[in-house]
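Down below is the structure, laid out as structure tokens.
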Amino acid sequence: MMLLPIIPLDYELSTPGDLPVPTSYRAARLLVRWHGVPLMVMQVPVANGVLSAADVARRLLSGHTPKLGRELARRALLDDGIDSRPEVADHSPESLPNKGLPTISVAICTRDRPDDMAKCLASIAGLRLAPLEVLVIDNAPSTEATARLVAEKFPEFRYVREDRPGLDHARNRAIVEARGEIVAYTDDDVMVDAGWTEALARVFGEDSAIGLVTGLIEPAELESPAQFLFERYGGFGRGCNRTYLQSRRGASLPWHLVGAGQLGAGANMAIRRTLFDEIGQFDPALDVGTPTLGGGDHEIFFRCLRSGMICLYEPTAIVRHRHRRSMEELSKLLYSYGHATRCFFEREALAFPENRPAIRKLTRWWWRHWAWERWRRSWWTPTWFPRELVVREIKGYVDGRGAYLRARRKIVKDEAARPDAFRIDPPVGGSELVLGGLVTVDLSRPLRPLDEGAGREVLEIVVQWKGRPLGRLRIQSRGAVIAPSRLADEIARSMWWQVLTLGDQDPSVSWAGHVFDFQRLLHRAMDRPRGLAEEIGVSIIVATCDRPSDLRRCLTSIFGLATRRRLQVIVVDNRPGRPGIRQVLQDFPTAELVEEGRPGSSYARNAGLAAAREEIVAMTDDDMVVAADWLERLIEPLARADVAAVSGHTLPASLESEAELNFEEYGGFGRGFQRREFDGEWFHRWKRRAVPTWQIGGTGNLAFRRELFHDPQIGAFEECLGSGVPAGVGEDTLWFYQILRRGHVICYEAEAVAWHHHRVSMAELKRQLMAYSKGHVAYHLITFSKFRDKRALVRLGYELPTSMASRVLNRLRGRSKYPWSLLAIEFAGMLLGPLALWQSIRHTRKYGLGCRADAVSES
């Protein structure tokens, strides 16, 4: 189902290098940072216990150079003016100002989790910028464990006991106890980044219009399926781009701001303490410890937005959260999310009647784009996310009806003394702000605060460099002064290319120079990734069916491989009893013969797998010829712990006959000249279309880990598919499907070359295409019946008929010369697919199952 365990790591671009990783981890979730600024999150494989810097560099440079460019432009804009083209080498960490930083009170609300709290407090003790104070708010504890922890190990922190149960009671107690200008909240199951308070102090100090700051929440561990699924479902993180949210003071919020989901979660939030005087404190009837089960953080986000202050999502303020480890805990969590969402909607509709139309619109969005889309996707592709968990969240929402009012009556005894009263009057009449203004900013001078934003709704900004215009952008100022940091963000987001090229006559050449500089930054040389250790042997399986001359040609190429590793060559005879195969093997005495009398290539391959002794297995067919470096090229990606299988590049051995040419026109076996990776993300990318596993390759040019044969969720090749049975082919595409569904990675290695001898007569080609068409349909029927993958129905009911109609139309218009007879054969094969699968099932019932891993273990 997924590739676990995954280790979360930071990767700093200013000091690139290989990172050692415990061998138990198969991949790393990297938070890529440049002088501490997070740029992106990516998953990178681990090979031989090492996370390769060259691998990280390739992934960054292949698709993420614009993110590097934006950060380079943003950092250059914050310097003392841009005198010449910004250089990668000039990028440096942002320094904290010596004065003007607000004081911060850090508050951690907890209840009976001393072990988690110890890790949290240890991370806070390691902050580079020490806060004014650290408050440990112990909420209705049942033991004195947390109090003892603070007294014995962290005496510099202040312990406060709050006996009224409920997370928002604890948060409100922190407001009362805090002495800092900023109250920064985190949870006991969180570990903060060393620069967390630095990031918060910087943004609050730079812009007095900011009232609320939330930050990036990354997972602290991804060890269990529940933790992985929580991240797949959305997690807490909101990416690595700053987000500025603001609305008119006291006015009704637009529907897309009501939920404030763009801001993240309360495990990483900071608020100006004076703002609570206007918007009120947290609602004690919400969140954990009350019948509402949550929602307190998003509700305070809502009121912060209504205050007119800027609410900023600041990704440099980073914490890591330990997600729930068990599926039972995840189920309870998602139920509470649905329940809390309903309570939050009801609370705001009750407190702010003028916002009810927007809340109703957001409710419709929640049902359509959140609940329904997730339920439908889990129905179409059950492997993406368990449907029962989606249903739990929906059930929580339904059960939440009226829960807020019940909680409020129970918890808030005196409505007149509610701590969460909003004290900002709604605006009377229209906006008092001037509609807009025009400002010119020259990048050759330091960015200044745009005081023109005060009293204006919108600012139009013309950006130039030394008098040369570069572009124009619009910022919603909402009556606030635009701080230089925000101006730099907005310019870098929309005009980073112009900032880096500075109006050059040939900007592409200028950008190419930056890309070259990025390459030099990330690595000194693009070393080829380290392959498998030579002591790891390989079992090579060749399945044959009474084709001795073809087998001789294939074995000659195999025994000519340029490799020093230990090899076991297994020939599986799928039509034993004839002398030709044994005669060939007399010339190859080290080859091992396995006889499998049950007809079908899957029976033969499973018999070969049962006889394999080495850790890695490679497969080819008797009508193939492999290159001398084929094996080493093919197994090289298996040095990565996350790669389970590798397919190679299959080229035609000759194209002299009409049948050979027509087979290449049909599609052939080649899959291109570029390396590719197929992983879980690719598997789930096809939301309502069948996963095209046929793009990966086939068993004629394949290597994989033998442990897949012993995995009960993958196991042996499906005997009712494959050549030699009525359904024809499809066993390899089904096996690829099962590998990807399990969460593994399959690589296509274009440099692992083998040549295939196609069928030379049209009669042979017609039989081959008939088998391919039947097998393709049978494969999809199996993915639907066995794995409940509804995408197969789309392939069978829509994609295949549409594709066939398009090919017929192209033939009629003269755009294709593909023979009508072959089109007819393919169409007939598609129609016969269901019957062929039924016949193949009867075939396997007659002959029984082939070799299995449990039988091998017993022997």
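Here's the yes/no breakdown for (1) open to solvent by 60 Å² or more (accessible area, probe 1.4 Å); (2) within 24 Å of PRO291 (Cβ to Cβ); (3) touching a Gly at 6+ places or on another chain (Cβ under 8 Å):
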{"residue": "PRO353", "(1), (2), (3)": "yes, yes, no"}
{"residue": "PRO357", "(1), (2), (3)": "yes, no, no"}
{"residue": "HIS369", "(1), (2), (3)": "yes, no, no"}
{"residue": "TRP372", "(1), (2), (3)": "yes, no, no"}
{"residue": "VAL390", "(1), (2), (3)": "no, yes, no"}
{"residue": "GLY396", "(1), (2), (3)": "no, yes, yes"}
{"residue": "GLY400", "(1), (2), (3)": "no, yes, yes"}
{"residue": "ARG409", "(1), (2), (3)": "yes, yes, no"}
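Condition first: of a type outside the set (Phe, Trp, Tyr), touching a helix residue (DSSP H, G or I) at 6+ places or on another chain (Cβ under 7 Å) and either at pLDDT below 95 or within 26 Å of VAL44 (Cβ to Cβ) (or both). Now tell me which residues in region 732-757 satisfy that.
Selection gives ILE739, LEU740, ARG741, GLY743, ILE746, CYS747, GLU749, GLU751, ALA752.
Which one of these does PHE228 not meet: (1) within 15 Å of the chain's Cα centre (by Cα); (2) at pLDDT 95 or above; (3) hydrophobic (A, V, I, L, M, F, W, C)?
(2)
May I ask you to list the residues in region 670-699 that are outside any loop (DSSP other than H, G, I, E, B) and open to solvent by 20 Å² or more (accessible area, probe 1.4 Å)?
ARG676, GLU677, GLU681, ARG685, TRP694, GLN695
Hey, among the residues in region 44-59 that are assigned to a helix (DSSP H, G or I) and in contact with a strand residue (DSSP E or B) (Cβ under 7 Å, 6 or more places away or on another chain), which one's most open to solvent (accessible area, probe 1.4 Å)?
Narrowing region 44-59 to residues assigned to a helix (DSSP H, G or I): 53-59.
Filter once more, keeping what is in contact with a strand residue (DSSP E or B) (Cβ under 7 Å, 6 or more places away or on another chain): 55-56, 59.
Values: ASP55: 30, VAL56: 1, ARG59: 55 Å².
If we take residues in region 44-59 being assigned to a helix (DSSP H, G or I) and in contact with a strand residue (DSSP E or B) (Cβ under 7 Å, 6 or more places away or on another chain), then ARG59 is most open to solvent (accessible area, probe 1.4 Å).
Could you please let me know if ALA628 is touching a helix residue (DSSP H, G or I) at 6+ places or on another chain (Cβ under 9 Å), assigned to a loop (DSSP other than H, G, I, E, B) and in contact (Cβ under 8 Å) with a residue 60 or more places away in the chain? I'd like the intermediate steps shown before the answer.
On the way: touching a helix residue (DSSP H, G or I) at 6+ places or on another chain (Cβ under 9 Å): yes; assigned to a loop (DSSP other than H, G, I, E, B): yes; in contact (Cβ under 8 Å) with a residue 60 or more places away in the chain: yes.
Yes: the conditions hold for ALA628.
Any residue in region 663-677 that is under 21 Å from ARG633 (Cα atoms) and without any contact (Cβ under 8 Å) to a residue 40 or more places away in the chain sitting within a Cβ distance under 9 Å of a residue that is surrounded by 15 or more Cβ atoms within 10 Å (Cβ to Cβ) and among the hydroxyl-bearing types (Ser, Thr, Tyr)? List the pairs, counting only those 6 or more apart or interchain.
As it stands, the answer is GLY670/THR650, since those pairs meet every condition given.
State all residues of region 792-814 that are more than 22 Å from LEU661 (Cα to Cα) and either surrounded by fewer than 20 Cβ atoms within 10 Å (Cβ to Cβ) or free of Cβ contacts under 8 Å to residues at least 60 places away in the same chain (or both); if no residue qualifies, say none. Reasoning before the result, please.
Step one: filter region 792-814 for residues more than 22 Å from LEU661 (Cα to Cα), giving 792-802, 805.
Once the filter is applied, which keeps residues that are more than 22 Å from LEU661 (Cα to Cα) and either surrounded by fewer than 20 Cβ atoms within 10 Å (Cβ to Cβ) or free of Cβ contacts under 8 Å to residues at least 60 places away in the same chain (or both), region 792-814 yields LEU793, VAL794, LEU796, GLY797, TYR798, GLU799, LEU800, PRO801, THR802, ALA805.
When the residues of region 373-400 are filtered to those that are assigned to a helix (DSSP H, G or I), modelled with pLDDT of 95 or more and more than 17 Å from ALA226 (Cα to Cα), which remaining residue is nearest to the chain's Cα centre (by Cα)?
ILE394
Conditions (1) in contact (Cβ under 8 Å) with a residue 24 or more places away in the chain; (2) assigned to a helix (DSSP H, G or I); (3) not aliphatic (A, V, I, L, M), marked per residue:
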| position | (1), (2), (3) |
| --- | --- |
| PRO291 | yes, no, yes |
| CYS311 | yes, no, yes |
| VAL319 | yes, no, no |
| ARG324 | yes, no, yes |
| TYR335 | yes, yes, yes |
| ARG342 | yes, yes, yes |
| GLU346 | yes, yes, yes |
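Quick check, is ASP550 surrounded by fewer than 17 Cβ atoms within 10 Å (Cβ to Cβ) and farther than 30 Å from ARG448 by Cβ?
The answer is no for ASP550.
Within region 649-669, which residues are assigned to a loop (DSSP other than H, G, I, E, B) and either among the polar types (S, T, N, Q) or surrounded by 15 or more Cβ atoms within 10 Å (Cβ to Cβ) (or both)?
Passing the criteria: ALA653, SER654, SER657, GLY668, PHE669.
Would you confirm, using the coordinates I've provided, whether GLU614 is touching a residue at least 40 places away in the same chain (Cβ under 8 Å), charged (D, E, K, R) and open to solvent by 10 Å² or more (accessible area, probe 1.4 Å)?
Yes: the conditions hold for GLU614.
Just to check your reading of the model, which residue among PRO599, PRO576 is open to solvent by 20 Å² or more (accessible area, probe 1.4 Å), more than 16 Å from THR699 (Cα to Cα), touching a residue at least 40 places away in the same chain (Cβ under 8 Å) and in a loop (DSSP other than H, G, I, E, B)?
Selected residue: PRO599, the only one of PRO599, PRO576 that is open to solvent by 20 Å² or more (accessible area, probe 1.4 Å), more than 16 Å from THR699 (Cα to Cα), touching a residue at least 40 places away in the same chain (Cβ under 8 Å) and in a loop (DSSP other than H, G, I, E, B).
Of a type in the set (Val, Ile, Thr) and assigned to a loop (DSSP other than H, G, I, E, B): is that true of VAL760 in this structure?
Considered against the rule, which asks whether it is of a type in the set (Val, Ile, Thr) and assigned to a loop (DSSP other than H, G, I, E, B), VAL760 comes out as yes.
The values are calculated or read from the model by the stated rules, or taken from the named source; none is laboratory data. Keep in mind the model is a prediction, meaning the values are calculated, not measured. Backbone-built Cβ (ideal geometry, glycine too); neighbour counts: all protein chains shown. For the accessible areas, the whole protein counts, side chains as well, though only heavy atoms, and no ligand, DNA or RNA atoms are used. Shrake-Rupley method; radii C 1.70, N 1.55, O 1.52, S 1.80 Å.
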